[in-house]
Amino acid sequence: MGVKSIINSFKHKKILIIGDLILDRYIFGKVNRISPEAPVPVVDVVSESFLLGGAANVAYNIIALGGNASVAGIIGRDNAGKYLRELLEEKNAGTEGVIEDKRPTTVKTRVVAHNQQVVRFDREDSKRLEGKNLSLLLSYIKKAITGHDAVIVSDYKKGVVSASLIKALVKYAKPNNTFIAVDPKVGHFRFYKNVSLITPNLMEASLGAGVEIRDKKSLMKAGRTLMNRLSCQSLLITRGEDGMSLFELKGSKEIKTTHIPTVAQKVFDVTGAGDTVIAAFALSYAAGASLEGAAVIANHAAGIVVGEVGTAVATPEALRESLVPDRKK
């Protein structure tokens, strides 16, 4: 199937995103003086904005690419949670799997003055999800998974993703061989056994494998270590300006490695690039691309968003334009 047909098929695919829902709050202002109370800048607030973060931003990326997204995660019974749900619904994301909890909604607040971040403060409760709310979440996932073409797990280590959740998810996905892609977090790698794909960056892959990645040889060692340790079908290591490396399990033991050079012409901001990569990969694979083909499309999607300032998303139109030289693939 050609790239054009795959992108055109995005609109027929539905992706379930499970993970940590975050509300990103930006406060913009100006600094003209230092506080007399302490040696800190005084920010005169001009405006503020709210954006989808964490797993919610992955859903936004799916929708921006033309796909359909449903979200499963936890928000608080607070104004931030209400606003986060409203933002998701405005983007036409399914929110039936969004469960309200007594814990506060995770909010990351960034204060920006003169295009420079002055400070960030987080409001969160990242204790592990368990009991009734975990049961509710798993019940929704079990019911919803058959109606989706792929699953993305977006782990920001805020309490939703656990070994028990992944184990249940793998069990629910098995009857239909549903593709499970995980954006991992250091410290949680042991959770991700038997998933279809994990997408760590270079640092995450190095720490997850316990291998210092210095060159191609150590990169290969780290990739094979993670593949064998987690029994996953594929691994995509994002390497910044050096592109990506895809590891695929062929047969029972052979691992094929493909190095994909970056296509980014300019890099202004890598914020949210990981969300774009996993969204584009899962959507492309669900639409009929091979693992390598999905990685190439994800690479182009990443190249689009890092060329923009702030958290950006790729669109089908921008993706088609970027992929023109690769359409014969």
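For the chain, with a Gaussian network of springs between Cα atoms less than 10 Å apart, report the residue from 100, 90, 241 with the top mean-square fluctuation.
Judging by the Gaussian network model, the answer is 90.
If I build a Gaussian network model for the chain, linking alpha-carbon pairs within less than 10 angstrom, which residue out of 318, 69, 294 has the largest mean-square fluctuation?
Of the options given, 318 has the highest mean-square fluctuation.
Do the sum for the chain: with -39,500 (n - 2.57) for every DSSP H run of n ≥ 4, divided by all residues, what is the mean residue ellipticity at 222 nm, to the nearest 500 deg cm²/dmol?
Helices in the chain give a 222 nm mean residue ellipticity of -10500 deg cm²/dmol.
For the residue pair residue 176 and residue 317, what label-to-label distance in nm results when each label sits 7 Å from Cα along the Cα-to-beta-carbon direction?
3.2
Straight-line reach only, C-alpha to C-alpha below 14 angstrom: list the aspartates and glutamates that residue 11 could link to, leaving out same-chain residues fewer than 8 apart.
149, 317
Normalised by the residues of the chain, what does the relative contact order come to in percent, with Cα pairs under 8 Å and at least six apart?
So the answer I get is 18 percent.
Cross-link list 217/253; 142/185; 132/185; 4/167: which exceed 27 angstrom alpha carbon to alpha carbon?
Too far apart for the 27 Å limit: 4/167.
By how many nm would the segment from residue 110 to residue 128 grow when fully extended, if each residue of separation counts as 0.36 nm and the alpha-carbon distance is taken off? Spell out each step's value before the answer.
Working: separation 18, 0.36 × 18 = 6.48 nm, distance 2.52 nm.
Here the segment from residue 110 to residue 128 would lengthen by 4.0 nm.
Per residue, how much space in cubic angstrom lies within the convex hull of the C-alpha atoms of segment 58-147?
118
Only helices at least 18 Å long along their own axis, judged from Cα atoms, and with Kyte-Doolittle mean hydropathy of 0.0 or greater: name those in the chain from DSSP H.
131-144, 273-286, 291-305
Within straight cross-link reach of residue 127, meaning Cα distance under 14 Å, which aspartates and glutamates are found once same-chain residues fewer than 8 apart are removed?
Filter leaves 20, 101, 155.
Only residues of segment 104-138 count here: report those whose backbone N is under 17 Å from the spot 7 Å along Cα→Cβ of residue 91, or say none.
106-109
Which option, (1) 78; (2) 64; (3) 54, is the value of percent of Cα pairs over 24 Å apart that was calculated from these coordinates?
(3)
Any idea what the dipole of segment 92-147 comes to, in debye rounded to 20, about its Cα centre with Lys/Arg Cβ at +1 and Asp/Glu Cβ at -1?
Dipole size: approximately 100 debye.
Could you list the square roots of 5 times each eigenvalue of the Cα gyration tensor of segment 102-205, that is, the equivalent ellipsoid semi-axes, sorted largest first and rounded to whole Å?
Semi-axes, largest first: 29, 18, 13 Å.
Would you mind getting me the FRET efficiency between residue 190 and residue 33? Use the beta-carbon distance for r and R0 = 41 Å, nearest 0.05.
The value I calculate is 0.25.
Roughly how many debye, to the nearest 20, is the charge dipole of the chain about its Cα centre, given +1 on each Lys and Arg Cβ, -1 on each Asp and Glu Cβ, and no other charges?
Dipole of the chain, to the nearest 20 debye: 1120 debye.
Lysines near residue 216 by alpha-carbon distance under 17 Å, same-chain residues fewer than 8 away left out - which ones?
256
With springs only between Cα atoms under 10 Å apart, run a GNM on the chain and tell me which of 223, 131, 288 wobbles the most.
131
Read-outs: derived from the displayed coordinates by stated rules, not from any lab. Computed from a predicted structure; not experimentally measured. Here the Cβ is made from the backbone with ideal geometry for all residues, glycine too, and neighbour counts use every protein chain on show.
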